[in-house]
Each structure stands twice: as C-alpha cells, then as structure tokens.
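Here's the structure, in structure tokens; my notes come after.
The values are calculated or read from the model by the stated rules, or taken from the named source; none is laboratory data. As the structure is a computational prediction, the values presented were derived from the model and not from experiment. Methodologically, a virtual Cβ is constructed for each residue, glycine included, from the backbone with ideal geometry; neighbour enumeration extends over all protein chains shown.
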Amino acid sequence: MTVHLIKLAAGIDDVEALAALQNARMEEARAQGQAPYPRHYTRYMPRRKSQVLDGGSIYWVIRGAVRARNRIVALETYRDEEGVERCLIVVDPHLIRTRVTGHRAFQGWRYLEPAKAPPDFGDGDRVDDDMPPELARELDDLGLV
C-alpha cells in the first residue's frame with residue numbers, strides 16, 4: 001500500500017521559489033556527475049520506505065498550506081560532514097500543483113495517507129497561491145477546496 005510524505009518547505013514563499021530551488025539542486029547534481037533529479041536532505045529514513053517507494057509523493061507545505069507535490073523516485077542514505085547517516089529524498093523534477101489545503105507547522109516530515117492527500121489541480125482549476133493559510137485551512141475544514 002502506497003504512503004506519501006509531507007514536509008514543510010522551510011524558507012520558501014511560493015511554488016515558483018520551490019521550483020527554482022529544485023532546479024538549482026538538479027544543476028548541482030548534474031555538475032557532480034549524478035542523475036539530474038532534485039534532492040532533499042532530511043534527518044531520518046522512513047521506516048515505511050517500501051510503501052513510500054510504491055508510488056508515493058512528497059507533499060510540500062508552503063506558507064501554512066499544502067500547495068504542491070513531487071513523486072518520490074528514491075530514498076537513499078548518505079553521511080553528512082560529521083559522519084552521521086542521513087536520508088536523501090530524490091524526487092521527480094516535475095512539480096505538481098495541488099489544491100491549496102491548510103496545514104499546521106511541524107518539524108521534519110510526516111507520513112501522509114493517500115486518503116488525506118490533497119488532490120492535484122485539474123486543467124480548469126484556478127491556482128491561488130496568495131490565499132492566506134487561515135482561509136485555506138477554513139475552506140479545507142468546510143470541504144470547499
């Protein structure tokens with residue numbers, strides 16, 4: 001059974017800034033002779049790794065709301081400068097916008113069950129990245145987004 005991850009995009013103000021960061025990390029990987037995929041570093045490897053790799057995505061919380069996701073390509077271990085083992089989340093370069101869904105702040109990443117994941121935007125949907133997080137949470141609570 002597939003499971004997703006959800007993570008705060010710390011220091012990111014909008015989906016475009018996340019895309020720019022991911023593009024920079026892709027170029028970094030390419031320059032180091034690695035496959036050109038965006039990489040995100042985190043502290044712990046998911047214990048449910050096989051479920052995450054079974055079609056899971058990482059959903060990004062930006063300014064108090066889930067606004068986008070990337071499909072997870074790989075979860076790898078690496079050692080940081082101090083020799084501590086960490087997790088490297090490798091994602092598909094295609095950033096997919098989701099319906100704006102309010103979400104409170106948290107540290108690290110969390111599992112996100114597919115039934116609770118916000119739907120992707122369709123072709124005719126209107127994207128509103130300027131929606132205040134409180135309004136996004138309230139609309140989500142009411143089932144209106």
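Name the single residue that is nearest to the chain's Cα centre (by Cα) among those in region 1-52 being part of a loop (DSSP other than H, G, I, E, B) and under 17 Å from H94 (Cα atoms).
Across region 1-52, the extreme among qualifying residues is A9.
In this structure, does V66 turn out to be surrounded by 17 or more Cβ atoms within 10 Å (Cβ to Cβ), of a type in the set (A, V, I, L, M, F, W, C) and touching a Phe, Trp or Tyr at 6+ places or on another chain (Cβ under 9 Å)?
Against the criterion (surrounded by 17 or more Cβ atoms within 10 Å (Cβ to Cβ), of a type in the set (A, V, I, L, M, F, W, C) and touching a Phe, Trp or Tyr at 6+ places or on another chain (Cβ under 9 Å)), V66 qualifies.
Give E134, E82, E138 a once-over and let me know the one that is part of a loop (DSSP other than H, G, I, E, B) and either modelled with pLDDT of 95 or more or not small (G, A, S) (or both).
Exactly one of E134, E82, E138 is part of a loop (DSSP other than H, G, I, E, B) and either modelled with pLDDT of 95 or more or not small (G, A, S) (or both), namely E82.
List pairs: first in region 7-35 and β-branched (V, I, T), second assigned to a strand (DSSP E or B) and crowded, with 18+ Cβ neighbours inside 10 Å, Cβ under 6 Å, 6+ apart or cross-chain?
Every condition considered, the pairs that remain are I12/I62; V15/R67; V15/A68.
Please go through region 86-111 and give me each residue that is over 19 Å from V3 (Cα atoms), in a strand (DSSP E or B) and in contact (Cβ under 8 Å) with a residue 40 or more places away in the chain, ordered by number.
R86, V100
Take S57 and decide whether it is of a type in the set (S, T, Y) and out of contact with any Lys or Arg (no Cβ under 9 Å at 6 or more places or on another chain).
Considered against the rule, which asks whether it is of a type in the set (S, T, Y) and out of contact with any Lys or Arg (no Cβ under 9 Å at 6 or more places or on another chain), S57 comes out as no.
What pairs can you find where one residue is in region 62-80 and over 14 Å from W109 (Cα atoms), the other is small (G, A, S), and their Cβ atoms are less than 6 Å apart, with a gap of 6+ or different chains?
Matching pairs, first to second residue: A65/G102; A65/A136; R71/S57.
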